[in-house]
Amino acid sequence: MVRTSLSFLALAGIALLFSDLSISTLDPWQELGRMLQGMLSPRITDPWELARGLARTLSIALLGISLAVAGGGLFALYFDHRPVRLFCAFIRAVHELFWALLLMPLMGLNALCAVLAIAIPYAGVFAKVYAEIIQESERQATDSLPPGVSRLSGFFFTTLPLIYRDLKNYTSYRFECGLRSSAILGFIGLPTLGYHLETAFSEAHYSEAAALLYCFFLLIISLKYWARPGFIVVPLVAALLLTSWESSLSLANITRFLSYDILPWPMREAGFYDGSRSVAFSLWPTLLWCKQVLVEQALPGLWLTLLLSQIVLVGSGLFALSGFPPATTPLSSPAGRGLAHLLLVALRTTPEYILAYCFLVLWGPSMLPAIAALVLHNGAILAYLSARDADGIPLPFDASEGRLNRYCYELLPRLYGRFLAFLFYRWEVIMRESAILGILGLHTLGFYIDSAMSVDHLDTAMLLILVTALANMGVDSCSQEIRRRLRISAEFTSST
C-alpha cells in the first residue's frame, strides 16, 4: 500500500509540472473580501422566487432519484450478465450535466430534461451498488428457493428484508447527491437553484448568493427529518402534480436525433446542402473526420482531464488525512469536533461545480479553481468517512496520550487500507467531475463537448461524450484492479 501511495504521489507531482496554476484576476484579495462580506450578510431579495427555485430543485431531484431507484434496482437483479454491467458502466460514466446537454436538443430546457439527466446516470450507480449489497447479503434463503421462482419474486421475499436497511441508507445518501446534481443543472439554464446562483455570482451579488447557499444547506440538513420511506410518498406525489411536463419530445425528434443529427458530418454533408437530408455511408471521409476530432479535441481534452483527476485524487487524499483528525473523538476535543464536522458538512454539501465557479470568479480561468474545488469537496467526503472509521477503532489501554502518536501509531495504520479503498472508489467520480468542469472554461473534455453543443455539432459532441465514457470506464476498471491487488475493500458505505 505504501508503494502504491508513493507512486500516485509521484504521478501527481509530475502532473503539477504540466498544469496551469496561474491567477489572472487583478486583485483576488479584494474580491475574496467581498465574497466573505456577502457570506456574513446574506440577503433574500425575492422570497417567492427563492421558494420556487428550491421547490424545483427538490422536485427534480426527487423524481430523478425515484426513476433511478426503479431502474437501478431492476438492473441490479441482472448485474451478473456482462451486457447489463457494461450498459450500467456506460450510463454512469457520463456526468448528469453531459446527459442534460445531450437531451436538450430532444426536449428543450424543461423539467423532463432535468429529471432524465439525473435518472439515467444514477440508475447505473444504483445498479452497481445495489448489486454489491445483494452479493454481500446472506444467500441461504435465496439458495433454498424451489426451481422456477423468478429472480424478482425471490428478491422481494428472501433478499430484500435482509438488505433493506443498507439499501435505504445508500438511497438516502444518493438523494442528497441528487439534490446537488439538480442544483448545478441550473448553471446550463435548467430551472433549478443553480440558475439563480449563477446570476448572483456573475453580477457579484454575493449576499444573495450566500442566502441561496444557506437555504440549500438547510434543505439538505432537513432531509433526515422528512425524507423517510413512510413519508416520502407525499412530496413525491406533490412533485409529480406540480411539475410542468411541457416538452418538445416526440417520436419524430427521437428518430431524427438517432438517425441523422448524431451521425458524423461527412455522412450528412451532401444531404444537408441539397436539402434532402440524405445520408451517405462514406467510410474514408468519416474516418478522417473522426481522426480530426480525436486529434484536435478529444486527446487534448483527455490529457487535461487525466492531469486534473490525478492531482485531485492525491490532493483529496492528503486533505482527508490531515482533515479527519480534528473530527474524530480520540484526537480532538468536543468543541473542535463540532467545528470540524460543521466545516466538513459544508464542503461536502456544496456542489463541486459551485465551488469551482466561486474560485473561478476569485482567481480567473486556470486549473487552480478546479483543483481547489474538487480537492475540498472530495477531500471533505473522505475525511468524514475516515473520521467515522477512526471513531469505531478501540484504543488499547496503554495507548499514548499524545495525539500525534495516536494518529501515527494507533489510528492511521488500522484505517489506511479502508481509506485507500474509499479514495480509489471515488476515482471514477473525480474523473467525471474533472471532465464536466470544462464547461467553466478549463480545456478538459467538458469544454470541447460544451463548445460542440453550443454550435449545434451534435455529432462531435457524441463522439467526445463516448471518449469521456470510455475513459471513465477505464479508470473504474483500473481502480477495481488496484483494490483487488491490494486486497482492500470499502465494503458498503452510505457515502461513497
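Near Leu440: Cβ cut-off under 12 Å, other residues only, Lys/Arg at +1 and Asp/Glu at -1. The net charge is -4.
For the chain, what relative contact order do you get, as a whole percent, if you take Cα pairs closer than 8 Å and at least 6 residues apart?
The value is 21 percent.
Shape of the stretch 45-244 from the C-alpha gyration tensor: prolate (a/c of 1.5 or more and a/b above b/c, with a ≥ b ≥ c the square roots of its eigenvalues). Taking square-rooted eigenvalues a ≥ b ≥ c of the alpha carbon gyration tensor, is the chain rounded, prolate or oblate, where a/c under 1.5 means rounded and, failing that, a/b exceeding b/c means prolate? Rounded is the answer for the chain, as its axis ratio a/c remains below 1.5.
Computed from backbone phi, the HN-Hα couplings of the stretch 120-135 come to 5, x, 5, 4, x, 5, 4, 4, 5, 6, 4, 5, 5, 5, 4, 5 Hz, rounded to whole numbers (Karplus: 6.51 cos²θ - 1.76 cosθ + 1.60, θ = phi - 60°; Gly and Pro given as x). Comparing Phe87, Thr243, Thr57 along the charge dipole axis of the stretch 45-244, the residue lying farthest to the positive side is Phe87, per the Cβ-charge model. Taking label positions 7 Å along the Cα-Cβ direction at both Leu412 and Gln30, the computed distance is 4.3 nm, reported to one decimal. Taking R0 as 25 Å, what's the FRET efficiency between Asn169 and Phe217 from their Cβ-Cβ distance, rounded to 0.05? Calculated transfer efficiency: 0.75. Of the chymotrypsin sites (Phe, Trp or Tyr not before Pro) found in the stretch 46-78, those that fall in a DSSP loop while having at most 15 other beta-carbon atoms within 10 Å are Tyr78.
The calculated FRET efficiency for the pair Ala252 and Tyr273, based on their C-beta separation and a Förster distance of 25 Å, comes to about 0.65. Dividing the summed helix terms, -39500 (n - 2.57) for each DSSP H run of n ≥ 4, by the number of residues in the chain produces a 222 nm estimate of -23000 deg cm²/dmol to the nearest 500. Determine the distance separating the Cα centre of the stretch 250-311 from the Cα centre of the stretch 38-66; give it in Å without decimals. That distance is 37 Å. A simple spin-label model places pseudo-atoms 7 Å from Cα toward Cβ; at Trp303 and Asp391 they are separated by 4.6 nm.
Between Arg43 and Val345, the contour length at 0.36 nm per residue exceeds the Cα-Cα span by 106.5 nm. Taking label positions 7 Å along the Cα-Cβ direction at both Glu203 and Leu162, the computed distance is 5.7 nm, reported to one decimal.
Bear in mind these aren't lab numbers, they're just calculated from the coordinates by the rules spelled out. What you see is a predicted model; the values in this text were computed from it and never measured. Here the Cβ is made from the backbone with ideal geometry for all residues, glycine too, and neighbour counts use every protein chain on show.
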